[in-house]
Amino acid sequence: MRERHGETFLVHKLSSSKEHLNGYDYSREGLLGYSHSGHISNPSWKRPLPHILVATISSFLFGYHLGVVNDTLESISVELGFSGSTLAEGLVVSTCLAGALLGSLFSGWISDGLGRRRAFQLCALPMIIGASMSATTSSLEGMLLGRFFVGTGMGLGPPVAALYVSEVSPAYVRGTYGSFTQIATCLGLMVALLIGIPAKNDPSWWRVCFWISTIPAALLAILMEFSTESPHWLYKRGRIAQTEEELERLFGAPHVKSAMAELSKSDNRADEADAVKFSELLYGRHFKVVFIGSALFAFQQLSGINAVFFFSSTVFKSAGVPSDSGNICIGVVNLSGSIVAMILMDRLGRKLLLLGSFLGMAMAIGFQVIAASDIMSPSKNLYLSVGGMLLFVLTFSLGAGPVPGLLLSEILPSRIRAKAMAVCMSVHWVVNFFVGLLFLNLLEILGPQILYTIFATFCLLAAVFVKKNVIETKGKSLQEIEMALVPVD
(Lines give C-alpha, C1' and ligand atoms only; values in the text may rest on other atoms or scores of the structure.)
Protein backbone atom coordinates (compact mmCIF):
# COMPACT_ATOMS: atom_id res chain seq x y z
CA MET A 1 0.00 0.00 0.00
CA ARG A 2 2.94 2.31 0.66
CA GLU A 3 4.11 1.64 -2.89
CA ARG A 4 0.69 2.70 -4.12
CA HIS A 5 1.07 5.97 -2.25
CA GLY A 6 4.35 6.59 -4.00
CA GLU A 7 2.84 5.85 -7.41
CA THR A 8 -0.27 7.92 -6.89
CA PHE A 9 0.93 11.04 -5.13
CA LEU A 10 3.88 13.37 -5.33
CA VAL A 11 6.25 13.00 -2.39
CA HIS A 12 7.62 16.33 -1.28
CA LYS A 13 11.13 16.64 0.15
CA LEU A 14 12.05 19.94 1.71
CA SER A 15 15.62 20.99 2.37
CA SER A 16 14.50 23.58 4.89
CA SER A 17 11.11 23.20 6.55
CA LYS A 18 11.42 26.57 8.27
CA GLU A 19 11.99 28.36 4.98
CA HIS A 20 9.02 26.56 3.45
CA LEU A 21 6.70 27.58 6.27
CA ASN A 22 7.80 31.19 6.42
CA GLY A 23 7.63 31.63 2.64
CA TYR A 24 4.19 30.15 2.12
CA ASP A 25 1.24 32.31 1.09
CA TYR A 26 -1.27 31.72 3.87
CA SER A 27 -4.01 33.69 2.21
CA ARG A 28 -4.76 30.47 0.36
CA GLU A 29 -6.21 28.58 3.29
CA GLY A 30 -7.40 25.06 2.79
CA LEU A 31 -9.32 22.12 4.05
CA LEU A 32 -8.80 19.67 6.81
CA GLY A 33 -6.02 21.90 7.95
CA TYR A 34 -4.66 21.78 4.41
CA SER A 35 -3.87 24.47 1.87
CA HIS A 36 -4.93 24.26 -1.74
CA SER A 37 -4.28 26.04 -4.99
CA GLY A 38 -5.57 29.57 -5.23
CA HIS A 39 -8.18 28.98 -7.91
CA ILE A 40 -10.34 26.89 -5.57
CA SER A 41 -12.27 28.76 -2.91
CA ASN A 42 -12.38 27.71 0.73
CA PRO A 43 -14.60 24.72 1.44
CA SER A 44 -17.88 25.34 3.19
CA TRP A 45 -17.68 25.48 6.99
CA LYS A 46 -21.19 23.99 7.17
CA ARG A 47 -20.37 20.49 5.92
CA PRO A 48 -18.12 19.37 8.81
CA LEU A 49 -20.14 21.22 11.47
CA PRO A 50 -22.66 18.42 12.28
CA HIS A 51 -19.82 15.91 12.74
CA ILE A 52 -17.96 18.31 15.04
CA LEU A 53 -21.08 18.97 17.11
CA VAL A 54 -21.50 15.24 17.65
CA ALA A 55 -17.87 14.95 18.74
CA THR A 56 -18.27 17.75 21.29
CA ILE A 57 -20.91 15.71 23.14
CA SER A 58 -17.91 13.96 24.73
CA SER A 59 -16.70 17.36 26.02
CA PHE A 60 -20.19 18.13 27.31
CA LEU A 61 -20.13 14.86 29.26
CA PHE A 62 -16.67 15.73 30.56
CA GLY A 63 -17.97 19.00 32.02
CA TYR A 64 -21.18 17.41 33.30
CA HIS A 65 -19.40 14.73 35.30
CA LEU A 66 -16.97 17.30 36.73
CA GLY A 67 -19.90 19.20 38.20
CA VAL A 68 -22.46 16.50 38.91
CA VAL A 69 -21.27 15.90 42.50
CA ASN A 70 -20.92 19.60 43.35
CA ASP A 71 -24.42 20.11 44.77
CA THR A 72 -25.28 16.45 45.27
CA LEU A 73 -22.31 15.25 47.35
CA GLU A 74 -23.97 16.06 50.67
CA SER A 75 -27.14 14.07 49.93
CA ILE A 76 -25.04 11.23 48.44
CA SER A 77 -22.99 10.99 51.62
CA VAL A 78 -26.10 10.93 53.82
CA GLU A 79 -27.93 8.25 51.83
CA LEU A 80 -24.87 6.02 51.36
CA GLY A 81 -23.77 6.35 54.99
CA PHE A 82 -20.46 8.23 54.84
CA SER A 83 -21.66 11.66 55.95
CA GLY A 84 -18.95 13.54 57.81
CA SER A 85 -16.11 11.50 56.32
CA THR A 86 -13.96 13.93 54.35
CA LEU A 87 -11.85 11.03 53.10
CA ALA A 88 -14.87 9.25 51.58
CA GLU A 89 -16.18 12.49 50.08
CA GLY A 90 -12.75 13.20 48.62
CA LEU A 91 -12.65 9.72 47.11
CA VAL A 92 -16.01 10.22 45.38
CA VAL A 93 -14.57 13.31 43.72
CA SER A 94 -11.02 12.10 43.04
CA THR A 95 -11.77 8.53 41.89
CA CYS A 96 -12.77 10.11 38.59
CA LEU A 97 -9.24 11.50 38.27
CA ALA A 98 -7.71 8.04 38.61
CA GLY A 99 -10.03 6.69 35.91
CA ALA A 100 -9.35 9.73 33.72
CA LEU A 101 -5.59 9.18 33.95
CA LEU A 102 -6.04 5.57 32.86
CA GLY A 103 -8.36 6.55 30.01
CA SER A 104 -6.04 9.29 28.74
CA LEU A 105 -2.99 7.00 28.86
CA PHE A 106 -4.63 4.54 26.48
CA SER A 107 -6.51 7.08 24.36
CA GLY A 108 -3.78 7.35 21.73
CA TRP A 109 -3.46 3.63 21.19
CA ILE A 110 -7.26 3.21 21.09
CA SER A 111 -7.88 6.06 18.61
CA ASP A 112 -4.99 4.91 16.40
CA GLY A 113 -6.01 1.26 16.55
CA LEU A 114 -9.78 1.51 16.25
CA GLY A 115 -10.23 4.91 14.62
CA ARG A 116 -11.65 8.15 15.99
CA ARG A 117 -15.32 7.17 15.63
CA ARG A 118 -14.95 3.87 17.48
CA ALA A 119 -12.88 5.63 20.16
CA PHE A 120 -15.78 8.02 20.78
CA GLN A 121 -18.19 5.12 21.06
CA LEU A 122 -15.84 3.32 23.42
CA CYS A 123 -15.63 6.52 25.47
CA ALA A 124 -19.43 6.59 25.81
CA LEU A 125 -19.68 2.98 27.01
CA PRO A 126 -17.98 3.32 30.44
CA MET A 127 -19.83 6.60 30.99
CA ILE A 128 -23.16 4.83 30.53
CA ILE A 129 -22.11 1.87 32.69
CA GLY A 130 -20.50 4.04 35.37
CA ALA A 131 -23.38 6.51 35.60
CA SER A 132 -25.89 3.64 35.84
CA MET A 133 -23.85 2.03 38.63
CA SER A 134 -23.69 5.32 40.54
CA ALA A 135 -27.41 5.94 40.08
CA THR A 136 -28.43 2.54 41.43
CA THR A 137 -25.80 1.88 44.10
CA SER A 138 -26.57 1.53 47.79
CA SER A 139 -22.95 1.58 49.00
CA LEU A 140 -19.85 3.76 48.87
CA GLU A 141 -17.98 1.00 47.05
CA GLY A 142 -20.53 0.94 44.24
CA MET A 143 -20.36 4.71 43.92
CA LEU A 144 -16.56 4.67 43.71
CA LEU A 145 -16.57 1.92 41.09
CA GLY A 146 -19.14 3.84 39.03
CA ARG A 147 -17.11 7.03 39.29
CA PHE A 148 -13.98 5.17 38.19
CA PHE A 149 -15.75 3.84 35.09
CA VAL A 150 -17.02 7.33 34.28
CA GLY A 151 -13.49 8.66 34.76
CA THR A 152 -12.05 6.33 32.11
CA GLY A 153 -14.52 7.75 29.60
CA MET A 154 -13.67 11.29 30.71
CA GLY A 155 -9.99 10.60 30.13
CA LEU A 156 -10.54 9.05 26.71
CA GLY A 157 -12.95 11.66 25.33
CA PRO A 158 -11.07 15.02 25.39
CA PRO A 159 -7.88 13.96 23.54
CA VAL A 160 -9.89 12.13 20.87
CA ALA A 161 -12.20 15.14 20.49
CA ALA A 162 -9.24 17.49 20.02
CA LEU A 163 -7.75 15.15 17.40
CA TYR A 164 -10.99 14.67 15.54
CA VAL A 165 -11.93 18.35 15.40
CA SER A 166 -8.49 19.39 14.12
CA GLU A 167 -8.46 16.64 11.49
CA VAL A 168 -11.89 17.30 9.98
CA SER A 169 -11.95 21.12 10.16
CA PRO A 170 -11.01 23.53 7.36
CA ALA A 171 -7.86 25.46 8.30
CA TYR A 172 -9.56 28.86 8.19
CA VAL A 173 -12.07 27.88 10.93
CA ARG A 174 -10.06 25.23 12.77
CA GLY A 175 -9.50 27.53 15.75
CA THR A 176 -13.19 28.40 15.94
CA TYR A 177 -14.24 24.76 15.80
CA GLY A 178 -11.49 23.81 18.25
CA SER A 179 -13.08 26.19 20.77
CA PHE A 180 -16.33 24.22 20.59
CA THR A 181 -14.88 21.57 22.91
CA GLN A 182 -14.22 24.15 25.66
CA ILE A 183 -17.68 25.69 25.20
CA ALA A 184 -19.26 22.23 25.41
CA THR A 185 -17.33 21.55 28.63
CA CYS A 186 -18.62 24.82 30.14
CA LEU A 187 -22.17 23.98 29.08
CA GLY A 188 -21.90 20.52 30.63
CA LEU A 189 -20.66 21.99 33.89
CA MET A 190 -23.46 24.57 33.99
CA VAL A 191 -26.14 21.99 33.15
CA ALA A 192 -24.86 19.77 35.97
CA LEU A 193 -25.04 22.68 38.42
CA LEU A 194 -28.57 23.62 37.33
CA ILE A 195 -29.86 20.05 37.41
CA GLY A 196 -28.30 19.54 40.84
CA ILE A 197 -30.18 22.43 42.50
CA PRO A 198 -33.24 20.31 43.56
CA ALA A 199 -30.86 17.97 45.46
CA LYS A 200 -30.98 20.33 48.45
CA ASN A 201 -34.69 19.58 48.92
CA ASP A 202 -34.92 16.06 47.49
CA PRO A 203 -32.45 13.64 49.16
CA SER A 204 -32.67 11.13 46.29
CA TRP A 205 -32.39 13.64 43.44
CA TRP A 206 -28.71 12.79 42.97
CA ARG A 207 -29.74 9.49 41.39
CA VAL A 208 -31.71 11.38 38.73
CA CYS A 209 -28.63 13.52 38.03
CA PHE A 210 -26.57 10.43 37.21
CA TRP A 211 -29.35 8.87 35.12
CA ILE A 212 -29.66 12.04 33.03
CA SER A 213 -26.00 11.78 31.98
CA THR A 214 -26.65 8.46 30.24
CA ILE A 215 -28.81 10.25 27.61
CA PRO A 216 -26.04 12.33 25.95
CA ALA A 217 -23.64 9.39 26.31
CA ALA A 218 -26.05 7.15 24.39
CA LEU A 219 -26.55 9.88 21.78
CA LEU A 220 -22.78 10.12 21.30
CA ALA A 221 -22.50 6.39 20.68
CA ILE A 222 -25.45 6.32 18.27
CA LEU A 223 -24.74 9.50 16.30
CA MET A 224 -21.06 8.62 15.84
CA GLU A 225 -22.24 5.67 13.77
CA PHE A 226 -23.46 8.19 11.18
CA SER A 227 -20.53 10.62 11.47
CA THR A 228 -17.48 10.73 9.23
CA GLU A 229 -14.21 9.03 10.11
CA SER A 230 -11.07 11.15 10.22
CA PRO A 231 -9.47 11.21 6.73
CA HIS A 232 -6.09 11.42 8.49
CA TRP A 233 -6.65 8.09 10.19
CA LEU A 234 -8.03 6.40 7.07
CA TYR A 235 -5.07 7.59 4.98
CA LYS A 236 -2.57 6.35 7.56
CA ARG A 237 -4.28 2.95 7.42
CA GLY A 238 -3.92 2.88 3.63
CA ARG A 239 -7.67 3.13 2.93
CA ILE A 240 -7.36 5.50 -0.01
CA ALA A 241 -10.85 5.05 -1.48
CA GLN A 242 -12.51 5.62 1.91
CA THR A 243 -10.32 8.66 2.52
CA GLU A 244 -11.53 10.22 -0.73
CA GLU A 245 -15.14 9.40 0.12
CA GLU A 246 -14.91 11.05 3.53
CA LEU A 247 -13.12 14.11 2.12
CA GLU A 248 -15.89 14.55 -0.43
CA ARG A 249 -18.46 14.15 2.32
CA LEU A 250 -16.73 16.78 4.45
CA PHE A 251 -15.70 19.37 1.88
CA GLY A 252 -17.16 18.52 -1.51
CA ALA A 253 -15.69 16.96 -4.65
CA PRO A 254 -13.66 20.01 -5.84
CA HIS A 255 -11.42 19.80 -2.75
CA VAL A 256 -10.65 16.08 -2.69
CA LYS A 257 -7.64 16.12 -5.02
CA SER A 258 -5.85 18.98 -3.26
CA ALA A 259 -6.50 17.45 0.17
CA MET A 260 -5.09 14.10 -0.94
CA ALA A 261 -1.99 15.85 -2.28
CA GLU A 262 -1.51 17.56 1.08
CA LEU A 263 -1.93 14.26 2.92
CA SER A 264 0.85 12.77 0.82
CA LYS A 265 3.26 15.48 2.03
CA SER A 266 3.24 14.16 5.56
CA ASP A 267 3.05 10.53 4.46
CA ASN A 268 6.71 10.46 3.44
CA ARG A 269 7.57 11.54 6.97
CA ALA A 270 5.53 8.71 8.50
CA ASP A 271 6.64 5.53 6.83
CA GLU A 272 6.62 3.64 10.12
CA ALA A 273 3.28 5.04 11.27
CA ASP A 274 2.17 1.67 12.57
CA ALA A 275 5.23 1.20 14.76
CA VAL A 276 5.36 4.24 17.03
CA LYS A 277 7.12 3.33 20.26
CA PHE A 278 6.51 5.08 23.57
CA SER A 279 10.22 5.83 23.88
CA GLU A 280 10.11 7.86 20.65
CA LEU A 281 7.91 10.42 22.36
CA LEU A 282 10.45 11.10 25.11
CA TYR A 283 13.60 11.74 23.11
CA GLY A 284 14.85 12.39 19.60
CA ARG A 285 13.24 14.69 17.05
CA HIS A 286 9.75 14.41 18.56
CA PHE A 287 10.81 15.42 22.08
CA LYS A 288 10.40 19.16 21.45
CA VAL A 289 6.73 19.09 20.47
CA VAL A 290 5.81 16.56 23.17
CA PHE A 291 7.62 18.70 25.75
CA ILE A 292 5.81 21.85 24.58
CA GLY A 293 2.43 20.11 24.81
CA SER A 294 3.11 18.60 28.23
CA ALA A 295 4.43 21.90 29.58
CA LEU A 296 1.35 23.80 28.39
CA PHE A 297 -0.97 21.41 30.21
CA ALA A 298 1.24 21.50 33.32
CA PHE A 299 1.22 25.32 33.37
CA GLN A 300 -2.55 25.26 32.82
CA GLN A 301 -3.01 23.36 36.09
CA LEU A 302 -0.19 25.07 38.01
CA SER A 303 -1.88 28.41 37.34
CA GLY A 304 -4.23 27.52 40.20
CA ILE A 305 -7.46 27.41 38.21
CA ASN A 306 -8.89 24.47 40.15
CA ALA A 307 -7.88 26.06 43.44
CA VAL A 308 -9.74 29.23 42.48
CA PHE A 309 -12.82 27.17 41.54
CA PHE A 310 -12.55 25.35 44.88
CA PHE A 311 -12.29 28.59 46.85
CA SER A 312 -15.03 30.40 44.91
CA SER A 313 -17.90 29.22 47.12
CA THR A 314 -16.17 30.58 50.24
CA VAL A 315 -15.54 33.94 48.59
CA PHE A 316 -19.16 34.27 47.42
CA LYS A 317 -20.50 33.30 50.85
CA SER A 318 -18.35 36.05 52.40
CA ALA A 319 -19.97 38.47 49.96
CA GLY A 320 -23.45 37.26 50.95
CA VAL A 321 -24.06 35.44 47.67
CA PRO A 322 -25.60 31.92 47.90
CA SER A 323 -23.26 29.16 46.67
CA ASP A 324 -25.71 28.14 43.92
CA SER A 325 -25.82 31.64 42.48
CA GLY A 326 -22.06 31.97 42.86
CA ASN A 327 -21.38 28.74 40.99
CA ILE A 328 -23.73 29.76 38.17
CA CYS A 329 -22.03 33.16 38.02
CA ILE A 330 -18.63 31.45 37.62
CA GLY A 331 -20.13 29.22 34.93
CA VAL A 332 -21.56 32.17 33.01
CA VAL A 333 -18.23 34.02 33.07
CA ASN A 334 -16.39 30.87 31.97
CA LEU A 335 -18.84 30.26 29.12
CA SER A 336 -18.79 33.91 28.02
CA GLY A 337 -15.00 33.92 27.86
CA SER A 338 -14.99 30.69 25.88
CA ILE A 339 -17.42 32.15 23.32
CA VAL A 340 -15.22 35.24 22.93
CA ALA A 341 -12.18 32.96 22.51
CA MET A 342 -14.03 31.10 19.75
CA ILE A 343 -14.56 34.36 17.89
CA LEU A 344 -10.97 35.53 18.34
CA MET A 345 -9.14 32.23 17.82
CA ASP A 346 -8.83 32.50 14.04
CA ARG A 347 -8.44 36.29 14.10
CA LEU A 348 -5.82 36.99 16.76
CA GLY A 349 -4.24 33.54 16.75
CA ARG A 350 -3.45 30.94 19.41
CA LYS A 351 -0.16 32.39 20.66
CA LEU A 352 -1.49 35.88 21.36
CA LEU A 353 -4.52 34.50 23.21
CA LEU A 354 -2.25 32.30 25.35
CA LEU A 355 0.07 35.19 26.18
CA GLY A 356 -2.79 37.52 27.07
CA SER A 357 -4.51 34.82 29.07
CA PHE A 358 -1.56 33.91 31.31
CA LEU A 359 -0.62 37.56 31.86
CA GLY A 360 -4.24 38.41 32.69
CA MET A 361 -4.42 35.49 35.11
CA ALA A 362 -1.23 36.68 36.84
CA MET A 363 -2.76 40.14 37.26
CA ALA A 364 -6.03 38.68 38.58
CA ILE A 365 -4.18 36.57 41.15
CA GLY A 366 -2.31 39.74 42.13
CA PHE A 367 -5.67 41.21 43.10
CA GLN A 368 -6.32 38.11 45.20
CA VAL A 369 -2.95 38.55 46.96
CA ILE A 370 -3.79 42.18 47.79
CA ALA A 371 -7.26 41.14 49.00
CA ALA A 372 -5.70 38.57 51.35
CA SER A 373 -3.64 41.31 53.02
CA ASP A 374 -4.72 44.04 55.45
CA ILE A 375 -3.80 46.92 53.15
CA MET A 376 -7.39 47.99 52.55
CA SER A 377 -10.65 47.84 54.45
CA PRO A 378 -12.49 44.49 54.70
CA SER A 379 -15.27 45.63 52.35
CA LYS A 380 -12.78 46.73 49.68
CA ASN A 381 -10.81 43.51 50.11
CA LEU A 382 -14.02 41.55 49.54
CA TYR A 383 -14.84 43.40 46.31
CA LEU A 384 -11.24 42.97 45.14
CA SER A 385 -11.34 39.25 45.95
CA VAL A 386 -14.59 38.67 44.05
CA GLY A 387 -13.48 40.84 41.14
CA GLY A 388 -10.07 39.16 40.98
CA MET A 389 -11.63 35.71 41.01
CA LEU A 390 -14.07 36.54 38.18
CA LEU A 391 -11.28 38.18 36.17
CA PHE A 392 -9.12 35.10 36.67
CA VAL A 393 -11.85 32.78 35.37
CA LEU A 394 -12.53 35.12 32.43
CA THR A 395 -8.88 35.38 31.37
CA PHE A 396 -8.44 31.63 31.79
CA SER A 397 -11.37 30.92 29.50
CA LEU A 398 -9.97 33.29 26.85
CA GLY A 399 -6.78 31.31 26.29
CA ALA A 400 -5.30 28.97 28.88
CA GLY A 401 -8.52 26.94 28.91
CA PRO A 402 -9.33 26.32 25.23
CA VAL A 403 -5.99 26.82 23.47
CA PRO A 404 -3.69 24.01 24.77
CA GLY A 405 -5.90 21.15 23.55
CA LEU A 406 -6.36 22.77 20.13
CA LEU A 407 -2.71 23.74 19.80
CA LEU A 408 -1.50 20.24 20.65
CA SER A 409 -3.68 18.66 17.99
CA GLU A 410 -2.10 21.08 15.51
CA ILE A 411 1.60 20.94 16.44
CA LEU A 412 1.90 17.20 17.02
CA PRO A 413 3.09 15.36 13.88
CA SER A 414 0.59 13.07 12.17
CA ARG A 415 2.66 9.97 12.86
CA ILE A 416 2.61 10.39 16.64
CA ARG A 417 -0.38 12.72 17.10
CA ALA A 418 -2.78 10.41 18.94
CA LYS A 419 -0.19 8.77 21.20
CA ALA A 420 1.60 12.03 21.99
CA MET A 421 -1.74 13.64 22.83
CA ALA A 422 -2.34 10.78 25.27
CA VAL A 423 1.00 11.43 26.98
CA CYS A 424 0.36 15.19 27.24
CA MET A 425 -3.16 14.69 28.61
CA SER A 426 -1.76 12.26 31.18
CA VAL A 427 0.57 15.03 32.39
CA HIS A 428 -2.54 17.22 32.72
CA TRP A 429 -4.29 14.69 34.95
CA VAL A 430 -1.23 13.96 37.10
CA VAL A 431 -0.57 17.66 37.80
CA ASN A 432 -4.29 18.22 38.35
CA PHE A 433 -4.33 15.43 40.94
CA PHE A 434 -1.34 16.73 42.90
CA VAL A 435 -2.55 20.34 42.87
CA GLY A 436 -5.89 19.16 44.27
CA LEU A 437 -4.17 16.90 46.81
CA LEU A 438 -1.72 19.50 48.14
CA PHE A 439 -3.75 22.72 47.85
CA LEU A 440 -5.45 22.70 51.25
CA ASN A 441 -2.28 21.65 53.08
CA LEU A 442 -0.22 24.34 51.35
CA LEU A 443 -2.94 26.92 52.05
CA GLU A 444 -2.78 26.05 55.75
CA ILE A 445 1.03 26.04 55.88
CA LEU A 446 1.86 29.00 53.62
CA GLY A 447 -1.27 31.12 53.80
CA PRO A 448 -3.24 32.56 50.87
CA GLN A 449 -0.79 35.40 50.07
CA ILE A 450 2.24 33.18 49.51
CA LEU A 451 0.26 30.42 47.78
CA TYR A 452 -1.42 32.83 45.37
CA THR A 453 1.94 34.47 44.71
CA ILE A 454 3.27 31.03 43.68
CA PHE A 455 0.33 30.59 41.30
CA ALA A 456 0.96 34.06 39.82
CA THR A 457 4.63 33.16 39.33
CA PHE A 458 3.66 30.04 37.39
CA CYS A 459 1.38 32.18 35.19
CA LEU A 460 4.27 34.54 34.41
CA LEU A 461 6.59 31.61 33.72
CA ALA A 462 3.93 30.20 31.39
CA ALA A 463 3.79 33.48 29.46
CA VAL A 464 7.60 33.43 29.03
CA PHE A 465 7.45 29.80 27.91
CA VAL A 466 4.75 30.55 25.34
CA LYS A 467 6.67 33.55 24.01
CA LYS A 468 9.85 31.50 23.48
CA ASN A 469 8.52 28.10 22.39
CA VAL A 470 5.04 28.29 20.85
CA ILE A 471 4.63 29.04 17.13
CA GLU A 472 1.53 30.60 15.65
CA THR A 473 -0.64 28.03 13.83
CA LYS A 474 -3.52 30.25 12.70
CA GLY A 475 -4.53 29.44 9.13
CA LYS A 476 -1.63 27.04 8.53
CA SER A 477 -2.07 23.48 7.39
CA LEU A 478 -1.27 20.62 9.76
CA GLN A 479 1.42 19.49 7.32
CA GLU A 480 3.10 22.91 7.22
CA ILE A 481 3.11 23.12 11.03
CA GLU A 482 4.66 19.65 11.20
CA MET A 483 7.39 20.58 8.74
CA ALA A 484 8.24 23.68 10.78
CA LEU A 485 8.55 21.91 14.11
CA VAL A 486 9.92 18.46 13.20
CA PRO A 487 13.03 18.46 11.01
CA VAL A 488 13.38 15.92 8.21
CA ASP A 489 15.90 13.20 9.03
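The values are calculated or read from the model by the stated rules, or taken from the named source; none is laboratory data. The shown structure was predicted, so the numbers you read here are calculated from the model rather than taken from an experiment. Cβ placement follows ideal geometry from the backbone for every residue including glycine, while neighbour counts extend to all protein chains displayed. Surface accessibility is based on the protein's heavy atoms, side chains included, excluding ligands, DNA and RNA. Shrake-Rupley method; radii C 1.70, N 1.55, O 1.52, S 1.80 Å.
Picking from residues in region 68-87 that are at pLDDT below 85 and part of a helix (DSSP H, G or I), the one that is surrounded by the fewest Cβ atoms within 10 Å (Cβ to Cβ) is 87. Condition check for residue 396 on (1) surrounded by fewer than 24 Cβ atoms within 10 Å (Cβ to Cβ); (2) part of a helix (DSSP H, G or I); (3) of a type outside the set (Ser, Thr, Tyr): one failure, at (1). Filtered by the rule that a residue be in a helix (DSSP H, G or I) and open to solvent by less than 10 Å² (accessible area, probe 1.4 Å), region 412-425 gives 417, 418, 420, 421, 422, 424. Of note, residue 78 satisfies the criterion of being over 25 Å from the mean Cα position of the chain (by Cα), of a type in the set (Val, Ile, Thr) and over 30 Å from residue 254 (Cα atoms). The condition of being under 23 Å from residue 461 (Cα atoms), among the hydrophobic types (A, V, I, L, M, F, W, C) and either assigned to a helix (DSSP H, G or I) or open to solvent by less than 10 Å² (accessible area, probe 1.4 Å) (or both) does not hold for residue 382.
Restricting the search to region 45-63, which residues are in a loop (DSSP other than H, G, I, E, B), open to solvent by less than 50 Å² (accessible area, probe 1.4 Å) and more than 30 Å from residue 324 (Cα to Cα)? Result: 48, single match.
Residues are listed down the side, and each one gets a yes or a no for (1) open to solvent by 20 Å² or more (accessible area, probe 1.4 Å); (2) part of a helix (DSSP H, G or I):
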| residue | (1), (2) |
| --- | --- |
| 65 | no, yes |
| 93 | yes, yes |
| 97 | yes, yes |
| 113 | yes, yes |
| 138 | yes, no |
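Within region 176-197, can you find the residues that are out of contact with any Gly (no Cβ under 8 Å at 6 or more places or on another chain) and farther than 15 Å from residue 327 by Cα? Within region 176-197, 176, 177, 179, 180, 183 qualify. So which residues in region 215-245 are in a loop (DSSP other than H, G, I, E, B) and either among the polar types (S, T, N, Q) or within 21 Å of the chain's Cα centre (by Cα) (or both)? 227, 228, 229, 230 - these are the residues of region 215-245 that are in a loop (DSSP other than H, G, I, E, B) and either among the polar types (S, T, N, Q) or within 21 Å of the chain's Cα centre (by Cα) (or both).
Candidates are the residues of region 432-470 that are of a type in the set (Val, Ile, Thr) and either open to solvent by 70 Å² or more (accessible area, probe 1.4 Å) or touching a Ser or Thr at 6+ places or on another chain (Cβ under 7 Å) (or both); the one that is modelled with the lowest pLDDT is 445.
Here residue 389 does not fit the description of being assigned to a loop (DSSP other than H, G, I, E, B) and farther than 30 Å from residue 168 by Cβ.
To keep it simple, each residue is scored yes or no on (1) open to solvent by 10 Å² or more (accessible area, probe 1.4 Å); (2) of a type in the set (D, E, K, R); (3) touching a Gly at 6+ places or on another chain (Cβ under 8 Å).
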| site | (1), (2), (3) |
| --- | --- |
| 117 | yes, yes, no |
| 124 | no, no, yes |
| 141 | yes, yes, no |
| 147 | no, yes, yes |
| 152 | yes, no, yes |
| 160 | no, no, no |
| 202 | yes, yes, no |
| 207 | yes, yes, no |
| 218 | yes, no, no |
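Inside region 247-306, residues that are modelled with pLDDT under 75, outside any loop (DSSP other than H, G, I, E, B) and among the aliphatic types (A, V, I, L, M) make up a count of 3.
When region 178-193 is filtered for residues that are open to solvent by 10 Å² or more (accessible area, probe 1.4 Å) and not aliphatic (A, V, I, L, M), the ones remaining, listed by number, are 180, 181, 182, 185.
Of the residues making up region 370-378, at least one is modelled with pLDDT of 85 or more and either of a type outside the set (Lys, Arg) or open to solvent by 70 Å² or more (accessible area, probe 1.4 Å) (or both). Condition test on residue 226, is it within 25 Å of residue 334 (Cβ to Cβ) and either open to solvent by 10 Å² or more (accessible area, probe 1.4 Å) or not aliphatic (A, V, I, L, M) (or both)? So residue 226 fails the test.
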